[in-house]
Amino acid sequence: MTRPVFRFAPSPNGFLHLGHALSALLNAARARGEGGALLLRIEDIDATRCRPEFEQAIHEDLAWLGIVWEQLVRRQSEHFDDYRAALATLKAIGLVYPSFESRGEIARLAAGVDPDGAPLYAGQAKALTLAERERRIAAGEPYALRLDMAAAIGLTGRLTWTEAGQGSVAADPAAWGDVVLARKDVPTSYHLSVVVDDALQGVTDVVRGADLYHATSLHRLLQALLGLPAPAYQHHRLVVDDTGKKLSKSTQATALRSLRAQGATSADIRQLIGL
């Protein structure tokens, strides 16, 4: 029987808060209860926002909570070649194209919004000739590399994923439109790197917040296109503030470091998040 593998994968772009504590503790509890492994992954592809001091704080906060993870820790910034290889696979089957519009242009011409509420790209750049694309790239224009969603779905057909407490869930990747897979200055995106990492690390169970529930449709599509295994998923409740909004790393009042400095114990944290 395959040993279950779980992962906690924060981004070091701020201090961990109560919402992160819930996710980390749920992952640790399932790994411990099922005789599995818990991995720590640092999702630091955003070099402009990720900082070493935040990464160090992640280790300190998790240790304070009593969470133990297996070594080695995977840092995404050290594995861009893995993501380039996945992107090359998608390019080779004709599913990737560059777009050159600014954020303002995309918003103005949007064909609706995606599940995160961001403007849905209308796909204008698909009409550009190969020569025009190459000319604009050679000229140094900023660009994003997008997935041709209609063509991708045409290859995979209907997909599902297994959700704890629900069973089989129908995926709806079309809701994301021609999503960005990489940019001129960053050879990957969250969506691409997370499915590559989960596969390379042998993750069998993904336990994460409900805010990523709809992203699972897109992740299942990428897994199918790249021939990667599909983990089982559990999307847990979110910890929200007094107004009902999801906690943010900018909210220092809920940062684990701040609470610890005020005298809170790890037991207090568990009580605050309802564990």
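Each residue of region 38-49 is assigned a 3J(HN,Hα), and the resulting list reads 10, 9, 10, 10, 9, 8, 10, 6, 8, 5, 6, 10 Hz, derived from the Karplus form 6.51 cos²θ - 1.76 cosθ + 1.60 (θ = phi - 60°), x at Gly and Pro. Each Cα pair under 8 Å and six or more residues apart adds its separation to the average, and for region 79-199 the resulting relative contact order is 31 percent.
Shape class for region 139-189, computed from the alpha carbon gyration tensor (a ≥ b ≥ c): prolate, with a/c not under 1.5 and a/b above b/c. The length gained on full extension between A267 and W64, counted as 0.36 nm times the residue separation minus their Cα-Cα distance, comes to 72.1 nm.
Rg of the Cα atoms in the chain, relative to 2.2 N^0.38 Å, amounts to 1.06.
Taken about its Cα centre, region 88-221 carries a charge dipole of roughly 380 debye when the Cβ of each Lys and Arg holds +1 and the Cβ of each Asp and Glu holds -1. One decimal place: the segment R183-R84 gains 34.5 nm when fully extended, by the rule 0.36 nm per residue minus the C-alpha distance. Remark on region 79-199: hydrodynamic radius 15.6 angstrom, per the Kirkwood mean of 1/r across alpha carbon pairs. Within the shell defined by Cβ-Cβ distances under 13 Å, the residues around L238 carry a net charge of +2, with Lys and Arg each +1 and Asp and Glu each -1.
Inter-label distance, S102 to R49: 2.1 nm, where each label sits 7 Å from its Cα along the C-beta direction. Applying the Karplus relation 6.51 cos²θ - 1.76 cosθ + 1.60 with θ = phi - 60° to region 103-117 yields 3J(HN,Hα) values of 4, x, 5, 4, 5, 5, 9, 4, 9, x, 10, 8, x, 8, x Hz, where x marks Gly and Pro.
If a paramagnetic tag sat 7 Å from the Cα of R135 along the Cα-Cβ line, which residues of region 85-116 would have the backbone N under 14 Å from that point? Hits in region 85-116 for R135 at 14 Å: none. Quick one: compute the contact order of the chain, relative version, from alpha carbon pairs under 8 angstrom and 6+ residues apart, as a percent. Averaging sequence separation for qualifying contacts and normalising by length gives 23 percent for the chain.
Each value in this text was obtained by applying a stated rule to the coordinates, not by laboratory testing. Quick caveat: nothing in here was measured; it's all calculated off a predicted structure. No Cβ is skipped: glycine too gets one built from the backbone with ideal geometry, and neighbour counts run over all protein chains shown.
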